[in-house]
Amino acid sequence: MENHKNLEKKLTEWFEWFHRHPELSYEEYGTTDKIREVLTEAGVEILPCTLETGLVAIVRGVKEGPVQALRCDIDALPIREETNLPYASEYEGKMHACGHDFHITAGIGCAVLLNERKDELAGTVKIIFQPGEESSLGALKVLETDVMEDVERIWGIHADPTNEAGTLGIREGYVTAAVDRFVITVKGVGCHGAHPDDGIDPVPAAAGIIQALQTVVTRNINAFHPALLSVTRLTAGNTWNVIPEEAVLEGTVRTMSPEDRILFERRLREIAQGTAAAYGASAETEWIAGPPATYNDKRMAEACIWLAEKMGFAVVPEESSMGGDDFAFFEENILGCYIKVGTGKGQLIHQPGFCVDKRAILPAAEYLAELFM
Ligand code: NI
């Protein structure tokens, strides 16, 4: 294990470098250069591909076997770091507050370890350093290339600040939600605020729509299925004595099952249109589909649990989240499993005090490498 002690030292250094240099979605140029530099130095092959940021490392086993992949997202968030770490962000207003620096480093460690064991490896492993996860569409950039075409199975990891290092959260089934966005524009007829009878006020219609939309969750979706709707933006008018022409409301819908997702979109459109009509107004609905729900394949999850226990990890049932992950786009064509890696209890992801227990890095890399062996 002397070898791994060395690797651990390097992984820690690289992790600190990535943490100090957080880059936002699709701006991960420095991050990409550093990943390339580190992998090249370690003798790991980089697959030529057309990604602008992000890259794909490949380890070709000597023995016959399937092509499999590991996805590590690499982008940071526009958050001002408040950790007081000696290796805190050097970029004002940007921070690795979602642990993607940990994902990068674990992915590099996995690539290095697999590369050392090419003689024993059956098949090929592609390690995808994916840009733009926080935009929720970065996976599509990878899917636009031909990198995933021969991949049969894919694994993803996420840092988990609700568990200590040495703990893995794994479970079959849906683990993150489908992430959809909607914009409803309610159109009325503007007029003097003192003479509402001269126009059609879109504001009470918008209010009616907001109230009615919640009934999709309570009246239409099966009570045992997780689903939610949040109206997060509401705008209308620009002064106090004029009834505006239109009101716009925007928000997000989260569902787990594909059927609920279709049902929700249909009901949302019907309620917007029907409620607006009841107030004499009209409504236009725009539905912007994001990633589907992440689903952990049963056999892959079982294999992950078996290996985790064999390697001495504590295994807990993975918590579901109504948050999303664009990892799910890969799963539209490939079987997948998304594992939560305990990184020490503390502030949650996307919070300014979030930090990763560095003791989680090497075990994560060893575990991931072992998954492919
Ligand atoms: Ni994340």
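The values are calculated or read from the model by the stated rules, or taken from the named source; none is laboratory data. Every value quoted in this text rests on a predicted model; they were computed, and no experiment measured them. Counting neighbours? That spans all protein chains shown, and the Cβs are built from the backbone with ideal geometry, glycine included. Just so you know, the surface numbers come from the protein's heavy atoms only, side chains and all, with ligands and any DNA or RNA stripped out. Shrake-Rupley method; radii C 1.70, N 1.55, O 1.52, S 1.80 Å.
Side notes on the structure shown:
- Expressed as a whole percent, the proportion of Cα-Cα pairs in the chain lying more than 26 Å apart is 56%.
- Per the Debye calculation on region 291-373 with a single equal scatterer at every Cα and no solvent contribution, log₁₀ I(q)/I(0) for q = 0.12, 0.21 Å⁻¹ amounts to -0.42, -1.21.
- Listed residues Glu16, Glu259, Glu172, most fluctuating in the chain (Gaussian network, C-alpha, under 10 Å): Glu259
- Ranked from largest to smallest solvent-accessible area, with a 1.4 Å probe on the protein heavy atoms, Asp198, Asp260 come out as Asp198, Asp260.
- Of the accessible area of the chain, computed with a 1.4 Å probe over protein heavy atoms only, carbon and sulfur atoms account for 50 percent.
- Among Pro226, Pro291, Pro196, the largest mean-square fluctuation in a Gaussian network model of the chain, built with springs joining Cα atoms closer than 10 Å, belongs to Pro196.
- Shape category assigned to region 325-373 from the gyration tensor of Cα positions, a/c cut at 1.5: oblate
- Other residues with beta-carbon under 11 Å from the beta-carbon of Val56 carry, at +1 per Lys or Arg and -1 per Asp or Glu, a net charge of +1.
- A dipole drawn for region 168-218 from +1 and -1 charges on Cβ atoms has a positive end, and of Gly169, Cys191, Val203 the residue lying farthest that way is Gly169.
- Per-selection Kirkwood Rh - region 223-324 (Cα, Å, 1 d.p.): 17.4
- Spatially, region 295-373 and region 165-232 are offset by 31 Å when compared through their Cα centroids.
- Once the C-beta distance of His225 and Val67 is scaled by a Förster radius of 41 Å, the resulting FRET efficiency is 0.75 to the nearest 0.05.
- Net charge, Asp260 excluded, C-beta distance under 12 Å - Lys, Arg +1, Asp, Glu -1: +1
- Translational diffusion of region 28-132, µm² s⁻¹ [Kirkwood Rh, Cα pairs; Stokes-Einstein; 4 °C; 1.567 mPa s]: 89
- Of Thr176, Thr40, Thr32, the residue with the greatest mean-square motion in the GNM of the chain, using alpha carbon springs below 10 Å, is Thr40.
- Under 12 Å, Cβ to Cβ, from Leu307 - net charge with Lys/Arg +1 and Asp/Glu -1: -3
- Mean separation of Cα contacts under 8 Å, 6 or more apart, over the residue count of the chain: relative contact order %: 24
- Stokes-Einstein diffusion coefficient of region 170-273, Kirkwood radius over Cα pairs, 25 °C, 0.890 mPa s, in µm²/s: 162
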